[in-house]
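This report refers to the structure that appears directly beneath it.
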Amino acid sequence: MIEFNNVSKVYEHEGQHLTAVKDANLQVERGEIFGVIGFSGAGKSTLVRLANQLERPTSGEVLVDGFDMTNLSAKDLRSVRRQISMIFQHFNLLESKTVYHNVAFPLILAGESKSTIKERVEEILDFVGLKDRANYYADQLSGGQKQRVGIARALATSPNILLCDEATSALDPETTQSILELLKRIRDEYNMTILMITHEMDVIKDICDRVAVMEGGEIIEQGAIFDLFTNP
Ligand code: ADP
Ligand code: ADP
């Protein structure tokens, strides 16, 4: 589903080379919730941007649904990227637009008809529990509600991969819990593949099937949650 084979990413900055990701190997299966944990600067965001093809690897290959993302025509790349959505720590909503418009936005970009958009937006807002907030402006919502809008927007185009970049880090523990419940429901109902990066151990323990631990650009451990985090 998502496969990294010997992936490295080296940034060049004022003649200096910085290896953000070094020789990463991982496979995330369909319907799996896979966590990447590590301190700030460990290379987690770079890893996610490589999965999304926002960055190209310096070496190695990134496969999504069996397609080598580093070796696709622009047209095929667009079609594979349409399978991938992302949610963010600070939600990245259009604050001056309504909830409805935020969720409709990717569908408008995809050129869907007004009636298709209306049906899909209403369905997905119902799914995330925000049906009665459609006409609220994004800046009138709580953090948890904003993340639900972010999730609804991500799901609008029916992707099969959801990338989560510190998606609960700006939320209080109770709200975090409700967002994690929602992510589990998304996995269960849509067989979604979820790759989530976080520095929060509790999040990883709560929701992930498997986890990779990153340090200094390297994946230093990888395995089932139970094996890695259960005391002997
Ligand atoms: P994390 O998400 O775990 O905090 P990042 O992937 O953001 O880690 O960063 C890993 C390393 O790569 C850091 O040392 C960071 O400064 C560096 N880095 C990230 N993006 C860039 C960039 N665009 N240019 C140069 N260096 C970068
Ligand atoms: P804008 O900032 O462009 O007014 P809106 O989110 O208010 O953005 O509306 C975008 C489009 O979606 C408009 O054509 C509007 O008629 C329609 N729309 C907005 N809210 C709803 C809703 N709750 N149900 C159905 N259609 C809606």
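The values are calculated or read from the model by the stated rules, or taken from the named source; none is laboratory data. Keep in mind it's a predicted model, so treat the numbers as computed, not measured. Backbone-built Cβ (ideal geometry, glycine too); neighbour counts: all protein chains shown. Side chains included, ligands, DNA and RNA excluded: accessible areas come from the protein's heavy atoms. Shrake-Rupley method; radii C 1.70, N 1.55, O 1.52, S 1.80 Å.
Taking residues in segment 23-49 that are within 20 Å of GLY216 (Cα to Cα) and charged (D, E, K, R), and partners anywhere that are more than 7 Å from ligand 1 (Cβ to nearest atom) and in a loop (DSSP other than H, G, I, E, B), the pairs with Cβ atoms closer than 7 Å and at least 6 places apart or on different chains are ARG49/GLU55. Scanning segment 125-143 turns up no residue that is of a type outside the set (Asp, Glu), more than 13 Å from ligand 2 (Cβ to nearest atom), under 22 Å from GLN83 (Cβ atoms) and in contact with a Ser or Thr (Cβ under 8 Å, 6 or more places away or on another chain). For the residues LYS184, LYS205, the requirement of being open to solvent by 10 Å² or more (accessible area, probe 1.4 Å), basic (Lys, Arg) and at pLDDT below 95 singles out LYS205.
Might you check whether a residue that is open to solvent by 20 Å² or more (accessible area, probe 1.4 Å) and either hydroxyl-bearing (Ser, Thr, Tyr) or within 16 Å of ligand 2 (Cβ to nearest atom) (or both) occurs anywhere in segment 46-56? Within segment 46-56, none of the residues are open to solvent by 20 Å² or more (accessible area, probe 1.4 Å) and either hydroxyl-bearing (Ser, Thr, Tyr) or within 16 Å of ligand 2 (Cβ to nearest atom) (or both). No other residue among ASN6, ASN102 is at pLDDT 95 or above and open to solvent by 30 Å² or more (accessible area, probe 1.4 Å) apart from ASN6.
Any residue at all in segment 169-177 that is surrounded by 22 or more Cβ atoms within 10 Å (Cβ to Cβ) and in contact with a strand residue (DSSP E or B) (Cβ under 9 Å, 6 or more places away or on another chain)? The answer is no; no qualifying residue exists.
For (1) over 28 Å from ILE207 (Cβ atoms); (2) touching a helix residue (DSSP H, G or I) at 6+ places or on another chain (Cβ under 9 Å), each residue gets a yes or a no:
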{"position": "PHE4", "(1), (2)": "no, yes"}
{"position": "GLN27", "(1), (2)": "no, no"}
{"position": "THR58", "(1), (2)": "yes, no"}
{"position": "SER73", "(1), (2)": "yes, no"}
{"position": "GLN83", "(1), (2)": "no, no"}
{"position": "VAL103", "(1), (2)": "no, yes"}
